[in-house]
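Have a look at the structure below before the remarks.
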Amino acid sequence: MQRFLRYALFLTAVLHSSGLAAAETQFTLAGQTVKPGGTLEIQFPVDKSFQDYAASGGNPRPDRGRALLMFPPRFDPRASWPILIVTSTTDAHRTSPMDAWWYRHSANAEGWIVLATDATSKPREDSTMWRMGMLAAGLQTIRREWPQSARWTVAFAGLSGGAKRSCLLSAMLAKSGTVDIKGIFLCGINDDRLSIAFHDFNPPRDFLNTPVWLSSGLSDRIANPSAHNHVKNSLERTGFTHVRVEQFDGGHEIKPAEVQRALRWFRQLGHF
């Protein structure tokens, strides 16, 4: 009996010390502590090649970028985590980090990281190339510190003009072959920019297998349900194999429940 009690006490002590060690394990990114379930805003240097991207069309050369990251509960960078890349419209001087909050709870609940990037300086023109330079530099920063993240899958998301930007950015990154894209969430979109991006940037043919979720507000006056059906038909004519239009009660807005449904569908089709 005493031997059993000694063993039980020893086992309790071991488990307790292991728990403390796990609790004390801290991960950092850009010199800041990463908290599971928390948010983190970092700044990062922008390499010359990405400055060249951003400066296309006469923009200034940004030497520093910033990123807002939102982590799911129990996040540990040693495991694999999908990343939802949020892109905003240019209207009303919105930036991608502003829009990221619309996606946070739904994405984190499904085990996704939310990532939104921007520069620390203002462009002359908020162009797609400007957005691309900042996004690529942000991903590079994460991969430098967490090399394993190069194998993490990504999806894109945007509302209105941000949806159109997501079409372009996803095709550009697919062309580069540096990311594994598992889905594209497009809300409030009234024009098929994804087919245009596919033809302009010529990513690999398997990009056509990327699931595309079109989120349509029934009372949306900017991108009405008819427009979303038109986009769906256009995408299918181009050759996209997994396209859904899902309607919700609401207007020109993001519905968190629809984001969550879309991310579950991406997982289902992508087997990750």
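The values are calculated or read from the model by the stated rules, or taken from the named source; none is laboratory data. Since we're looking at a predicted model, the values are computed, not measured. Reconstructed Cβ throughout: ideal geometry from the backbone, glycine too, with neighbour counts over all protein chains shown. Note: areas computed on protein heavy atoms with side chains; ligands, DNA, RNA excluded. Shrake-Rupley method; radii C 1.70, N 1.55, O 1.52, S 1.80 Å.
Residues being in contact with a Lys or Arg (Cβ under 7 Å, 6 or more places away or on another chain) and closer than 14 Å to A136 by Cα: count how many of those fall in region 155-195.
Number of matching residues: 2.
Looking at A223, A174, A262, can you tell me which residue is open to solvent by less than 10 Å² (accessible area, probe 1.4 Å) and more than 20 Å from G111 (Cβ to Cβ)? Give the steps one after another, and end with the answer.
Values: A174 fails: open to solvent by less than 10 Å² (accessible area, probe 1.4 Å); A262 fails: more than 20 Å from G111 (Cβ to Cβ).
From the options A223, A174, A262, the qualifying one is A223.
Sort out which residues of region 245-261 are among the hydrophobic types (A, V, I, L, M, F, W, C) and within 18 Å of S88 (Cα to Cα), and write them in order of number.
In the first step, residues of region 245-261 are kept if they are among the hydrophobic types (A, V, I, L, M, F, W, C); the result is 245, 248, 254, 257, 259.
Once the filter is applied, which keeps residues that are among the hydrophobic types (A, V, I, L, M, F, W, C) and within 18 Å of S88 (Cα to Cα), region 245-261 yields I254, V259.
Is one or more of the residues making up region 240-255 more than 20 Å from the chain's Cα centre (by Cα), closer than 22 Å to E110 by Cα and open to solvent by 70 Å² or more (accessible area, probe 1.4 Å)?
yes
Condition first: surrounded by 19 or more Cβ atoms within 10 Å (Cβ to Cβ), assigned to a strand (DSSP E or B), in contact (Cβ under 8 Å) with a residue 40 or more places away in the chain and of a type in the set (D, E). Can you find one or more residues in region 115-135 that meet it?
Yes, region 115-135 contains a residue that is surrounded by 19 or more Cβ atoms within 10 Å (Cβ to Cβ), assigned to a strand (DSSP E or B), in contact (Cβ under 8 Å) with a residue 40 or more places away in the chain and of a type in the set (D, E).
Could you please let me know if S195 is crowded, with 18+ Cβ neighbours inside 10 Å, more than 30 Å from E41 (Cα to Cα), in contact with a helix residue (DSSP H, G or I) (Cβ under 8 Å, 6 or more places away or on another chain) and not β-branched (V, I, T)?
When the stated conditions are applied, S195 passes them.
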